[in-house]
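Worksheet: one structure, shown below.
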């Protein structure tokens, strides 16, 4: 039953994409971003703050790293997604966010010196092709004349931001328990989101948008990270990461059922190609260097 932990986490995150889409017409993006992490911070404080205070000296040298992670994971990723929801369908949001594992692998090549593989090469080409097909709605020539929409660019930037967040988390390996590290990141996230919140025209909460804020703050920001961490502990990071590939599938089903969005052929084709590329990048691990070495050996033998 260990698979239920990452599966439920991914399901909650998929519902959150729908919440992001609904929130586009219900609350200012700066407001939901701020409220989300403020409520999560208040909910975690009684349980985590005492341990953070006891660990304040070990935390001190890593504050700038935690600030950077808070900026990438809590501010840029979430805020850009809320702004993008104004012009991008929930179906497309699910597919674009599914690029995070591939982007994580690509950034790891640069920052973690991970050896490139055949899967990464083929997967990158496939995912890019699927992305072009999706964004152009099955007419790639359209991109040459109109270019990518602002919403798609925001989502791609948001996905890149979260991928960088994941890579830096591994590279820095901050010696803190997961929840203490996350708590300090949320503190910085709330502080960084405050100026945008104060400048927003309307930050009022009402019966329509409060449930959206609460879902984003508790299930999406606290419960799903807990489930994901439990899944990684029980199954390993590589096995748990496979479940992330279900995000576009879950999001598509939920969007059709609850938002009555229509599935088009370009969703199936573009999304399918993109997902295949991501899976290949994760699973096909034949190093490119081996092929080069083998080629040199053949030349030497001749």
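The values are calculated or read from the model by the stated rules, or taken from the named source; none is laboratory data. Treat the numbers as computed from the prediction; the structure is a model and nothing was measured. Backbone-built Cβ (ideal geometry, glycine too); neighbour counts: all protein chains shown.
Does residue 7 fit the bill of being surrounded by fewer than 21 Cβ atoms within 10 Å (Cβ to Cβ) and modelled with pLDDT of 95 or more?
Numbers: surrounded by fewer than 21 Cβ atoms within 10 Å (Cβ to Cβ): yes; modelled with pLDDT of 95 or more: no.
Considered against the rule, which asks whether it is surrounded by fewer than 21 Cβ atoms within 10 Å (Cβ to Cβ) and modelled with pLDDT of 95 or more, residue 7 comes out as no.
Return yes or no: is residue 126 surrounded by 16 or more Cβ atoms within 10 Å (Cβ to Cβ) and within 27 Å of residue 285 (Cβ to Cβ)? Yes: the conditions hold for residue 126.
Taken as a whole, the structure places residue 210 among residues that are surrounded by fewer than 16 Cβ atoms within 10 Å (Cβ to Cβ) and either at pLDDT 95 or above or touching a strand residue (DSSP E or B) at 6+ places or on another chain (Cβ under 7 Å) (or both). Out of the helices (runs of 4 or more DSSP H) lying entirely within segment 230-291, which hold 2 or more residues that are touching a helix residue (DSSP H, G or I) at 6+ places or on another chain (Cβ under 7 Å), closer than 21 Å to residue 124 by Cβ and modelled with pLDDT of 75 or more? Filter on segment 230-291 gives 247-258, 265-283. Across segment 146-180, the number of residues qualifying as in contact with a helix residue (DSSP H, G or I) (Cβ under 7 Å, 6 or more places away or on another chain) and either in a helix (DSSP H, G or I) or surrounded by 21 or more Cβ atoms within 10 Å (Cβ to Cβ) (or both) comes to 23. The set of residues from segment 150-173 being farther than 24 Å from residue 94 by Cβ and at pLDDT below 90 comprises 170, 173. Listed conditions (1) part of a loop (DSSP other than H, G, I, E, B); (2) touching a helix residue (DSSP H, G or I) at 6+ places or on another chain (Cβ under 6 Å) are all met by residue 127, apart from (1).
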